[in-house]
Amino acid sequence: MSWDYPQPFELTLAPGAGDIDGLNHTNNAVYVRWCEQAGWAHSEALGLGIEDYLRLDRAMAIRRAEYDYILPTLLGQELLLGTWLVGGDGKLSMERRFQLLRASDGATVLRGRWELVCIDVTGGRPRRMPSEFRDAYMPQAVQSS
(Lines give C-alpha, C1' and ligand atoms only; values in the text may rest on other atoms or scores of the structure.)
Protein backbone atom coordinates (compact mmCIF):
# COMPACT_ATOMS: atom_id res chain seq x y z
CA MET A 1 0.00 0.00 0.00
CA SER A 2 1.21 3.46 -0.84
CA TRP A 3 0.24 5.66 2.11
CA ASP A 4 0.75 9.43 2.01
CA TYR A 5 2.40 9.34 5.45
CA PRO A 6 4.05 6.59 7.48
CA GLN A 7 2.27 4.38 10.01
CA PRO A 8 -1.40 5.30 9.60
CA PHE A 9 -4.07 4.37 12.08
CA GLU A 10 -6.11 2.01 9.89
CA LEU A 11 -9.69 0.81 9.62
CA THR A 12 -10.78 -1.90 7.18
CA LEU A 13 -14.14 -1.10 5.61
CA ALA A 14 -16.48 -2.34 2.89
CA PRO A 15 -19.56 -0.53 1.57
CA GLY A 16 -22.82 -2.27 2.48
CA ALA A 17 -26.11 -2.13 0.60
CA GLY A 18 -27.25 0.95 2.58
CA ASP A 19 -24.06 2.82 1.60
CA ILE A 20 -24.69 2.64 -2.14
CA ASP A 21 -26.40 5.49 -4.01
CA GLY A 22 -28.45 5.59 -7.22
CA LEU A 23 -25.27 5.50 -9.34
CA ASN A 24 -24.26 2.17 -7.71
CA HIS A 25 -21.30 3.86 -5.99
CA THR A 26 -20.65 4.50 -2.31
CA ASN A 27 -22.51 7.69 -1.34
CA ASN A 28 -20.22 10.64 -0.53
CA ALA A 29 -21.81 11.09 2.90
CA VAL A 30 -20.66 7.57 3.82
CA TYR A 31 -17.02 8.59 3.36
CA VAL A 32 -17.55 11.52 5.74
CA ARG A 33 -19.08 9.16 8.32
CA TRP A 34 -16.17 6.74 7.94
CA CYS A 35 -13.67 9.57 8.48
CA GLU A 36 -15.50 10.55 11.66
CA GLN A 37 -15.38 6.92 12.86
CA ALA A 38 -11.67 6.70 12.08
CA GLY A 39 -10.94 9.99 13.86
CA TRP A 40 -12.72 8.86 17.03
CA ALA A 41 -11.19 5.38 16.92
CA HIS A 42 -7.71 6.88 16.56
CA SER A 43 -8.30 9.34 19.39
CA GLU A 44 -9.55 6.53 21.64
CA ALA A 45 -6.52 4.41 20.73
CA LEU A 46 -4.37 7.34 21.88
CA GLY A 47 -6.24 7.39 25.20
CA LEU A 48 -8.76 10.22 24.66
CA GLY A 49 -12.43 9.37 24.24
CA ILE A 50 -15.60 11.43 24.49
CA GLU A 51 -15.69 10.91 28.28
CA ASP A 52 -12.28 12.60 28.54
CA TYR A 53 -13.41 15.48 26.34
CA LEU A 54 -16.43 16.06 28.58
CA ARG A 55 -14.42 15.68 31.81
CA LEU A 56 -11.82 18.20 30.61
CA ASP A 57 -14.44 20.51 29.04
CA ARG A 58 -12.28 20.55 25.91
CA ALA A 59 -12.69 19.09 22.44
CA MET A 60 -10.94 19.15 19.10
CA ALA A 61 -13.64 20.51 16.80
CA ILE A 62 -13.61 20.55 13.01
CA ARG A 63 -13.19 24.12 11.79
CA ARG A 64 -12.87 23.13 8.12
CA ALA A 65 -13.20 19.84 6.26
CA GLU A 66 -12.13 19.03 2.69
CA TYR A 67 -12.65 15.78 0.79
CA ASP A 68 -11.26 14.88 -2.62
CA TYR A 69 -13.33 12.08 -4.15
CA ILE A 70 -10.90 10.49 -6.60
CA LEU A 71 -12.43 7.15 -7.63
CA PRO A 72 -15.77 5.45 -6.96
CA THR A 73 -16.09 2.43 -4.68
CA LEU A 74 -18.58 -0.39 -5.03
CA LEU A 75 -20.72 -2.67 -2.90
CA GLY A 76 -18.59 -5.06 -0.83
CA GLN A 77 -15.26 -3.70 -2.07
CA GLU A 78 -12.58 -4.00 0.64
CA LEU A 79 -11.14 -0.60 1.57
CA LEU A 80 -8.46 0.61 3.96
CA LEU A 81 -8.92 4.00 5.62
CA GLY A 82 -5.78 5.53 7.11
CA THR A 83 -5.65 8.62 9.29
CA TRP A 84 -2.89 10.74 10.77
CA LEU A 85 -2.50 13.80 12.93
CA VAL A 86 -0.40 16.27 10.97
CA GLY A 87 1.56 19.23 12.28
CA GLY A 88 -0.18 21.36 14.87
CA ASP A 89 1.03 24.06 17.18
CA GLY A 90 0.44 22.13 20.43
CA LYS A 91 -1.60 25.08 21.68
CA LEU A 92 -4.84 25.53 19.79
CA SER A 93 -4.90 23.72 16.46
CA MET A 94 -3.86 20.66 14.47
CA GLU A 95 -4.83 18.78 11.33
CA ARG A 96 -6.16 15.31 10.72
CA ARG A 97 -5.64 13.76 7.29
CA PHE A 98 -7.34 10.76 5.72
CA GLN A 99 -6.54 8.48 2.81
CA LEU A 100 -8.86 5.72 1.59
CA LEU A 101 -7.29 2.92 -0.45
CA ARG A 102 -8.86 0.15 -2.48
CA ALA A 103 -7.36 -3.02 -0.98
CA SER A 104 -7.28 -4.96 -4.26
CA ASP A 105 -4.79 -2.66 -6.00
CA GLY A 106 -3.81 0.04 -3.49
CA ALA A 107 -5.42 2.83 -5.53
CA THR A 108 -6.27 5.96 -3.57
CA VAL A 109 -10.01 6.61 -3.82
CA LEU A 110 -10.34 9.51 -1.37
CA ARG A 111 -8.22 12.01 0.51
CA GLY A 112 -9.57 14.16 3.31
CA ARG A 113 -8.31 16.90 5.56
CA TRP A 114 -9.71 18.43 8.72
CA GLU A 115 -8.52 21.63 10.34
CA LEU A 116 -9.14 21.14 14.05
CA VAL A 117 -9.29 23.73 16.80
CA CYS A 118 -9.46 23.13 20.54
CA ILE A 119 -12.65 24.50 22.10
CA ASP A 120 -14.35 24.45 25.47
CA VAL A 121 -17.28 22.06 25.26
CA THR A 122 -19.68 24.18 27.32
CA GLY A 123 -19.27 27.42 25.38
CA GLY A 124 -17.75 26.38 22.06
CA ARG A 125 -15.03 29.04 22.27
CA PRO A 126 -11.41 28.40 21.23
CA ARG A 127 -9.22 27.42 24.18
CA ARG A 128 -5.68 26.14 24.67
CA MET A 129 -5.22 22.39 24.51
CA PRO A 130 -5.02 20.80 27.96
CA SER A 131 -1.82 18.91 28.73
CA GLU A 132 -3.68 15.61 28.24
CA PHE A 133 -4.34 16.55 24.61
CA ARG A 134 -0.77 17.69 23.96
CA ASP A 135 0.65 14.55 25.60
CA ALA A 136 -1.59 12.18 23.60
CA TYR A 137 -1.76 13.92 20.24
CA MET A 138 1.41 15.89 19.57
CA PRO A 139 3.90 12.98 19.75
CA GLN A 140 1.81 11.24 17.05
CA ALA A 141 1.78 14.19 14.66
CA VAL A 142 3.69 13.71 11.41
CA GLN A 143 5.12 16.54 9.35
CA SER A 144 3.06 17.58 6.35
CA SER A 145 4.46 17.20 2.87
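Just add up the charged neighbours of V86: K/R +1, D/E -1, any other residue whose Cβ is under 11 Å from the Cβ of V86.
Spelling it out: positives minus negatives among the neighbours equals 0.
Would you mind checking which residues have amide H under 5 Å from G90's amide H? H placed 1.01 Å from N; only 5 or more apart, or other chain.
Those qualifying (amide H under 5 Å, at least 5 residues apart or on another chain) number zero.
Full extension from S104 to L74: what is 0.36 nm times the residue separation minus their Cα-Cα distance, to one decimal in nm? Write down the numbers at each step before the final one.
Details: separation 30, 0.36 × 30 = 10.80 nm, distance 1.22 nm.
That pair, S104 and L74, stretches by 9.6 nm at full extension.
Given V121, L74, A141, which one lies farthest toward the positive end of the charge dipole of segment 24-145, if we put +1 on the Cβ of every Lys and Arg and -1 on the Cβ of every Asp and Glu?
V121
As an exercise, find the ratio Rg/Rh for segment 1-72 from alpha-carbon atoms, using the Kirkwood inverse-distance average for Rh. Walk me through the numbers on the way to the answer.
Values: Rg = 14.9 Å, Rh = 14.6 Å.
Taking Rg over the Kirkwood Rh, I get 1.02.
When the Kirkwood hydrodynamic radius is evaluated over all pairs of different C-alpha atoms of the chain, what value in angstrom, to one decimal, is obtained?
Details: mean 1/r = 0.0629 Å⁻¹.
Result for the chain stands at 15.9 Å.
May I ask you to derive the relative contact order of the chain, considering only C-alpha pairs under 8 Å and at least 6 residues apart, and to give it as an integer percent? Before the final figure, lay out the partial values.
Working: 264 pairs, mean separation 40.9, N = 145.
So the answer I get is 28 percent.
Leaving ligands and nucleic acids out of the surface, order M138, M94 by accessible area at 1.4 Å, largest first.
On the way: M138 50, M94 15 Å².
My answer, sorted largest first, is M138, M94.
Using a cut-off of 11 Å between beta-carbons, work out the net charge of the residues near M129 (Lys and Arg +1, Asp and Glu -1, M129 not included). Walk me through the intermediate numbers first.
Numbers: positive: R58, K91, R127, R128, R134; negative: D89, E132, D135.
Every neighbour counted, the sum reads +2.
What's the magnitude of the charge dipole for segment 80-134 around its Cα centre, counting Lys and Arg as +1 and Asp and Glu as -1 at the beta-carbon? Answer in Debye, nearest 20.
Details: 10 positive and 6 negative charges, 20 e Å.
About 100 debye.
With only Lys, Arg, Asp and Glu charged, each at its Cβ (+1 for the first two, -1 for the last two), find how big the charge dipole of the chain is about the Cα centre; round to the nearest 20 debye.
Details: 15 positive and 19 negative charges, 100 e Å.
The calculation lands at about 480 debye.
The values are calculated or read from the model by the stated rules, or taken from the named source; none is laboratory data. Every value quoted in this text rests on a predicted model; they were computed, and no experiment measured them. Backbone-built Cβ (ideal geometry, glycine too); neighbour counts: all protein chains shown. Areas reflect the complete protein model, heavy atoms only, side chains present, ligands, DNA and RNA absent. Shrake-Rupley method; radii C 1.70, N 1.55, O 1.52, S 1.80 Å.
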